[in-house]
Each structure stands twice: as C-alpha cells, then as structure tokens.
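**Student:** Dropping the structure in here first, questions after.
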Amino acid sequence: MLQLKNITKTFGSVVANNDVSITVRKGTIHAIVGENGAGKSTIMRIAYGFYNADSGEIFVDGNKVGIRTPHDAIALGIGMVHQHFMLVDTMTVAENIILGAETGTAANLDLEKANRDIKALSDDLKLNINPAAYIEDLSVGQQQRVELLKALYRDAQLLILDEPTAVLTPQEVEEFFAILRRMKEQGKTIIIITHKLEEVLAISDEVTVMRDGKDVGNVKTSETSAKDLARMIVGRDVLLRVEKTDAEPSDVVLQVNSLKIGGKHGAAIDDVSFVVRAGEIVGIAGIEGNGQTELIEALAGLCRVSSGTTEFEGKNVTNLSARRLKELGIAHIPEDRHKRGLLLNSDLAENSILGVHYRPPVASGGFMNSAAIDKRIHEIVENFDVRPPIPALSAKSLSGGNQQKLIIGREFELNPKLLLVSQPTRGVDIGAIEFIHRKLIELRDSGGAVLLVSAELEEVTALADRLLIMREGKIVGEVDPKTTSTEEIGLMMTGG
Ligand SMILES: Nc1ncnc2c1ncn2[C@@H]1O[C@H](COP(=O)(O)OP(=O)(O)OP(=O)(O)O)[C@@H](O)[C@H]1O
Ligand SMILES: [Mg+2]
C-alpha cells in the first residue's frame with residue numbers, strides 16, 4: 001500500500017532520516033519502533049506531507065506520488081494522528097472534525113450532516129463518541145478516538161498513528177486495539193509507532209526497527225520476541241525490569257493532612273492524608289482522572305487546595321507558590337510536558353533554567369550568568385542523554401522522548417529533597433526507561449523522598465516501596481507492591 005524508498009531528511013546539521021526504506025502491506029498493521037530521536041515521527045510525517053524529504057521516493061498502491069502537503073496525503077487516502085493531539089478544547093467533536101475538511105458552504109448546514117456522518121462512523125467502529133460533546137469534557141482515550149474519526153471522516157485508508165497508546169490507560173489500550181482490529185477487518189492499513197514491545201507483539205503483523213535515522217531491521221511479528229526487538233532497538237541487551245534493594249525510609253519529608261481540592265464536577269481530591277519519608281518512593285496507582293493530577297499539582301503549588309494542610313519538613317507549606325516550594329527543595333516532573341514542562345519555542349539552555357532563572361548561580365545582581373547556564377545545560381544533556389546535545393536548539397525540535405529527558409534532567413539538577421513525578425516514562429524509549437528508573441532509585445537511595453504517579457501499573461508497582469490506591473479523589477487503600485498482585489490492585493482501582 002505504501003512504499004517509502006531511500007528517504008533522507010535533515011534538519012540543519014541533524015540527519016533525522018538517513019536513506020530509509022519501508023514497505024507497508026495493504027490490510028496489515030505495521031509497527032515502527034526505535035529509540036527516542038531515531039526518526040520515527042519524521043519518516044511518518046514525510047509520508048503525511050507534513051515535512052518534505054530532501055531525497056527519496058514515495059509509492060502508494062505501486063504508483064509513484066508526490067506528497068508535498070497533508071492535503072496531498074489526505075487526497076491519497078492517508079491519515080495521521082500525531083504524537084500530541086491537535087484538537088481545540090472549547091469546540092465540539094463535530095466542529096473539530098470538520099475543521100479544515102469542509103469547503104466554503106454554509107457552516108451550520110455542514111455541521112448537521114457532519115454530525116450524522118460522524119455518528120455513523122462512530123457506531124460502525126463502536127467508538128461511542130457523541131459528535132456534540134465538547135473536547136474538554138472528554139477523557140484522553142475519547143479524544144484519541146476523535147482523532148481517529150477525524151482521519152476516517154476524510155476517508156483515510158491508511159492510518160498513521162504516532163504513539164497512540166502513550167496516554168491511554170491499560171483498559172483504554174485494550175479497547176483501542178479492538179478498534180484497530182475492526183479497522184483492519186474493514187480493509188484499512190495501519191502504521192503504529194510505539195515504545196511498548198508488548199503492544200507490538202499484541203497488535204502488529206510486521207515491525208520495522210529504526211536506529212539513528214536508519215531502518216535497521218524488518219521482521220514478521222510472529223518471528224520475533226520482546227528481547228530480540230529490544231536488542232535491535234538499543235543495540236545491546238536491555239534490562240526489562242526494575243532492580244532495587246529494600247527502602248530504608250527515615251524522617252517524614254511530606255505530610256498531607258485531610259486535603260481537599262475543588263474540581264470541575266465536585267471535589268477532585270477529598271480528605272486525602274498520607275506521608276512520604278526520606279529514602280522511599282511512594283507510588284500512587286489509580287485510573288487516570290481520579291484526582292492524581294490535581295493532587296500533584298497542588299503539592300507543586302500549581303493549584304490551590306480548598307481545605308486541609310500540607311507540611312514539608314515539619315513546616316506548613318499549604319498553598320505556597322510553585323516558586324517558593326521549589327526554593328524549599330521540591331521538584332516537579334509534570335505529566336503534560338507541553339503545557340507545564342517546557343517553553344517549546346525557547347532553546348534547551350533556557351529550558352534548563354526554568355524555575356531557577358532568577359536566582360544564583362543562574363542569576364546574580366540582576367544579570368544572567370551565562371557560564372552557569374552553560375554548565376547546567378551541559379550537565380543535563382550529558383547526564384540524561386538528551387539528543388541531540390545542542391543547547392541552542394529549540395525545545396520543540398527535540399523528539400518527544402528527548403523533551404522528557406530534558407525535563408527530568410532539569411528537575412534532578414535541583415537536588416530535590418522531595419520529587420513529585422507524574423508519568424516519568426511516557427513516550428520514552430526502553431533504554432531511557434531503564435535509565436530513568438535507575439535515576440529515581442538512586443535519588444531514593446541518597447535520601448530523597450519521591451512521590452510517583454504513573455498510569456502504568458507495572459511501572460508504579462515495580463518502583464514504589466509503598467503503594468497508595470486512588471479512586472474518585474480518595475485514597476482507598478495502601479498496599480505493599482511486593483506482596484500484592486496486580487489483579488488485586490486493579491480491583492481496588494476500579495472499585496470492582
Ligand atoms: N522540526 C525539527 N527541527 C529540528 N530537528 C528536528 C525536527 N523534528 C525532528 N528533529 C530531529 O530529528 C531527529 C528525529 O526526530 P523524530 O521526532 O523523528 O524522532 P522519534 O523517533 O519520533 O523519537 P521519539 O520516540 O522521541 O518520538 C531528532 O534528532 C530530532 O531532534
Ligand atoms: Mg516521535
């Protein structure tokens with residue numbers, strides 16, 4: 001269905017794709033895997049006309065085509081769902097879907113027909129999406145399905161999905177895969193980029209591995225394994241599980257007392273109390289949207305609490321500003337790296353000093369100390385393997401996983417006494433996951449307190465020394481992750 005031949009694409013001095021050839025067969029699900037920055041998104045964006053290749057050829061159904069813009073790609077039946085959703089929050093599903101797709105005619109007439117068409121598409125694939133719903137009221141999983149509908153509405157026969165499961169809960173991933181299988185049955189072709197090897201094995205027919213801008217392998221899924229894929233991706237054996245000793249917790253660093261936080265529909269957090277000690281990782285498990293985001297944001301000073309208190313090293317710090325909390329030694333790795341974590345249009349050096357830009361050693365006497373900034377960014381890119389390691393690059397030109405490594409490096413650079421961390425390895429490649437897990441454990445072992453939220457049950461149970469279960473804004477239990485089964489934890493999460 002799609003053949004990319006000898007594609008090369010450079011961005012300045014960075015060779016994102018180096019003579020890449022990929023063949024995708026009609027009616028199959030084709031996975032693309034590889035490290036952060038390997039060139040996966042770039043090659044797919046070329047197929048979608050979002051970028052133009054410097055050289056190489058594209059064939060669709062055996063015919064050589066010129067894809068200069070997404071418009072050309074759509075006309076050829078190619079749709080793409082990007083790594084970061086591109087929906088307008090304050091508009092409805094239908095409005096988002098027809099945005100850019102309709103031509104010139106009276107808008108409200110189109111909308112009625114669009115509503116019907118979208119409903120039919122949604123029913124056909126059992127997507128369960130109401131065209132009149134507002135995007136901001138939808139879960140992330142539902143927003144994803146809207147992105148799918150958007151492509152299908154434009155009659156895509158080949159769908160390119162860039163890390164579609166990175167933001168989904170395990171339950172949502174199951175449902176999503178069922179949808180992909182239905183699409184395949186209908187004859188659609190799907191390309192899926194993912195870092196999760198178990199997903200590759202579960203859903204794909206064929207896999208292409210990319211490394212350093214090149215395609216380094218192509219295998220039938222039935223003829224490979226997670227271990228083999230990991231080795232092809234990273235070029236060495238990868239530890240696919242966490243290794244740590246027992247924690248040795250000491251003083252209480254964070255104490256949360258009967259915390260309550262208001263939300264859009266009732267309390268987001270209700271009567272939550274717990275402690276985190278120096279030298280331990282406390283995990284919070286729960287289905288996303290059960291208050292974890294609000295809790296972490298409140299502790300980081302990004303949203304106000306309605307009642308209750310938080311104490312840091314014995315002092316009341318309730319509702320102090322983010323800046324003040326950071327000064328006290330609380331670092332925060334946010335779940336949404338675009339909204340909270342980075343200034344996308346600023347360069348890596350500027351991003352490396354966010355939050356400390358006004359104080360020594362970065363600033364003194366009203367001046368920025370460029371040597372100190374230089375030192376900082378170099379340490380971060382070196383210690384956290386941010387690629388490419390070019391301080392003057394803008395943050396938006398980093399691949400998704402490298403943006404995440406930059407944020408993590410910046411927060412570790414603060415030598416925090418307490419680290420608040422949400423979804424640390426979302427969108428991060430398997431080698432980097434191993435690395436980030438080790439860093440979190442090192443921080444713990446050097447006496448840091450860590451509060452970890454992750455939608456990956458496997459991750460949070462592997463890392464946490466104690467596990468709190470959150471449901472509907474409340475902590476409904478605490479378990480020892482070493483002795484509790486994931487089924488049991490899952491049941492507590494859902495209240496089943
Ligand atoms: N618009 C851009 N400007 C400059 N460099 C870019 C741009 N887009 C990508 N790059 C660079 O090209 C290389 C490949 O990036 P790409 O986004 O394709 O990686 P990826 O395999 O999708 O990684 P990830 O798994 O982290 O999403 C990276 O080094 C990246 O920094
Ligand atoms: Mg990518």
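**Student:** Among LYS9, LYS119, LYS339, rank each residue by its count of other Cβ atoms within 10 Å, from fewest to most, as a rough exposure measure.
**Tutor:** Going from sparsest to densest Cβ surroundings: LYS339, LYS119, LYS9.
**Student:** If the cut-off is a Cα-Cα distance under 30 Å, which lysines reach LYS396, setting aside same-chain residues fewer than 8 apart in sequence?
**Tutor:** Within reach: LYS5, LYS9, LYS40, LYS150, LYS196, LYS214, LYS326, LYS339, LYS375, LYS405, LYS417, LYS439.
**Student:** Let me ask something additional. In whole angstrom, how far apart do the alpha carbon centroids of region 458-485 and region 107-175 sit?
**Tutor:** Centre-to-centre distance over Cα atoms comes out at 32 Å.
**Student:** A follow-up question, please. Counting other beta carbons within 10 Å of each Cβ, put LYS113, LYS326 in order, fewest first.
**Tutor:** Exposure proxy ranking, most exposed first: LYS113, LYS326.
**Student:** Right, another one. Averaging sequence separations of C-alpha pairs under 8 Å and six or more residues apart, then dividing by the length of region 252-494, give the relative contact order as a whole percent.
**Tutor:** 28 percent
**Student:** For each of VAL65, VAL200, count neighbouring Cβ atoms within 10 Å of the residue's Cβ, then give the residues from fewest to most.
**Tutor:** Fewest-to-most ranking of VAL65, VAL200: VAL65, VAL200.
**Student:** Let me ask something else. Please state the charge dipole magnitude for region 252-494, taken about the Cα centre, from unit charges on C-beta atoms (+1 on K and R, -1 on D and E), reported in debye and rounded to the nearest 20.
**Tutor:** Here region 252-494 has a charge dipole of around 820 debye.
**Student:** Treating the beta-carbon of each Lys and Arg as +1 and of each Asp and Glu as -1, no other charges, what is the dipole magnitude of the chain about its Cα centre, to the nearest 20 debye?
**Tutor:** Charge dipole of the chain: 860 debye, to the nearest 20.
**Student:** How big is the equivalent ellipsoid of the chain along its three axes, where each semi-axis is √(5λ) from the Cα gyration tensor, reported in whole Å from largest to smallest?
**Tutor:** So the equivalent ellipsoid measures 38, 27, 23 Å along its semi-axes.
**Student:** Follow-up question, since we're still on this one. Between GLU313 and TYR358, take the C-beta separation as r, use R0 = 22 Å, and let me know the FRET efficiency to the nearest 0.05.
**Tutor:** 0.45
**Student:** Still on this structure: Using a basic spin-label model with each label point 7 Å from the Cα along Cα→Cβ, how many nm lie between THR494 and MET86?
**Tutor:** With each label placed 7 Å out from Cα toward Cβ, I get 3.5 nm.
**Student:** While we're looking at this one, here's another question. Which percent, nearest 5, of DSSP beta bridges in the chain are antiparallel?
**Tutor:** 55 percent
**Student:** Still on this model: Normalised by the empirical 2.2 N^0.38 Å for globular proteins, what value does the Cα Rg of region 252-494 take?
**Tutor:** 1.00
**Student:** In region 222-276, which trypsin sites (Lys or Arg not before Pro) are in a loop and have at most 12 other Cβ atoms within 10 Å, using DSSP for the loop call?
**Tutor:** Passing sites in region 222-276 are ARG236, ARG241, LYS264.
**Student:** Helix hunt in the chain: which complete DSSP H runs extend at least 20 Å axially by C-alpha with mean Kyte-Doolittle at least -1.0?
**Tutor:** 107-124, 170-185, 430-445
**Student:** Pairs of alpha-carbon atoms within less than 8 angstrom and 6+ residues apart define the contacts here; what relative contact order does the chain have, in percent?
**Tutor:** 16 percent
We did not get these values from a lab; they are worked out from the coordinates using the rules stated. Given the structure is predicted, the values throughout are model-derived calculations rather than measurements. Cβ: placed from backbone, ideal geometry, glycine included. Neighbour counts: every protein chain shown.
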